[in-house]
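Here is the structure we will look at, set down as C-alpha cells.
The values are calculated or read from the model by the stated rules, or taken from the named source; none is laboratory data. Quick caveat, the model's predicted, so the values are computed rather than measured. Cβ: placed from backbone, ideal geometry, glycine included. Neighbour counts: every protein chain shown.
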Amino acid sequence: MEKRRQKAPLRLKMVVVGSSSVGKTCLVTAFTKGFFPETFSETYRENHIVDLNLDGVAVEVTLWDTIGNEDYDRLRWLTYHSVSIFILCYGIDMPDSLEDVSKRWVPELVHLCPESPIMLVGCKKDVRQNYRTLEALRETGQRPLTEEEGMGVAQEFKFRHFVECSAKMGEGIDEVFDLAAREAKAHQATLKKVRPQKCVVL
C-alpha cells in the first residue's frame, strides 16, 4: 500500500499587542483554553500553538501574547520577527488605550514591520452593561468607548479588520481569530509572489 505524505500545514504567526490591562491575555486564554482567567501574571506571557482549518486548509497558528508595559519594549519587539499579522487591542473601558493605538502602537508597528497587516480589536465590550464599571468611569468624567469610535480609528489607519469582543462572555472571540487567520493567510500568499517580508527589530 502506497503511503501518502501528508501536506505540511500552513504556518502563521499572530502577535497580540496593546497597552497594559486592555484584555489581551483574557482574549488569548479564552480562545486557546476556552475559559476566562480571573488572575494572571503581569510580567509573564506565553505563546500558544493552535491548529485551525480554513476552508479545508490545515493551518498551524503560533499565537504570541505580549506585555504592553514600555519597560518590556525590547523584549516585545523580539516577538515581531516573521509575524504574519498583528492583533492590536484596546479596552472599551479604557479611553486612553484607544488613543495609545494612534500615538504609540501604530507608529511602533509600522516602523518595525511596515508590511505586516494589522487588525484592531476592542476588548471587554461587556463593560457597557457593567454598573460598577460605568460608575467608576463616570466618577472620572469618562465613559466606555463606542463601537463607532473604534471603527473610526480602524478606518483612519486602514486596518484590515475591526472587531469588538468580550472574553468574559465569550462573544466575538472566534471571529477575531478566524478573520486574523484568513487575512494573514492571504497576505502571506501575496508576499510570496512579491518579495520576502521584513521586520526591523532594533
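Any idea which residue in region 77-111 is modelled with the highest pLDDT, counting only those that are small (Gly, Ala, Ser) and closer than 18 Å to residue 64 by Cα? Among them, the one singled out is 84. Scanning region 81-108 for residues that are over 11 Å from residue 18 (Cβ atoms) and of a type outside the set (D, E, K, R) turns up 81, 82, 83, 84, 85, 92, 95, 102, 106, 107.
Quick one: which of 75, 137 is aliphatic (A, V, I, L, M), more than 17 Å from the chain's Cα centre (by Cα) and closer than 21 Å to residue 166 by Cβ? Quick ask: steps written out before the conclusion?
Working: 75 fails: closer than 21 Å to residue 166 by Cβ.
Residue meeting the stated conditions: 137.
Just to be sure, is residue 51 free of Cβ contacts under 8 Å to residues at least 40 places away in the same chain and either more than 21 Å from residue 122 (Cα to Cα) or charged (D, E, K, R) (or both)? Before you say what the answer is, go through the steps one by one.
Working: free of Cβ contacts under 8 Å to residues at least 40 places away in the same chain: no; either more than 21 Å from residue 122 (Cα to Cα) or charged (D, E, K, R) (or both): yes.
When the stated conditions are applied, residue 51 does not pass them.
From the list 135, 183, 148, 115, the lone residue that is touching a residue at least 12 places away in the same chain (Cβ under 8 Å), more than 20 Å from residue 68 (Cβ to Cβ) and surrounded by fewer than 17 Cβ atoms within 10 Å (Cβ to Cβ) is 115. Restricting region 118-132 to residues that are crowded, with 21+ Cβ neighbours inside 10 Å and touching a Lys or Arg at 6+ places or on another chain (Cβ under 8 Å), the residue that is farthest from residue 17 (Cα to Cα) is 124. On the phi < 0 side of the Ramachandran plot and not in a loop (DSSP other than H, G, I, E, B): is that true of residue 98 in this structure? Criteria met by residue 98.
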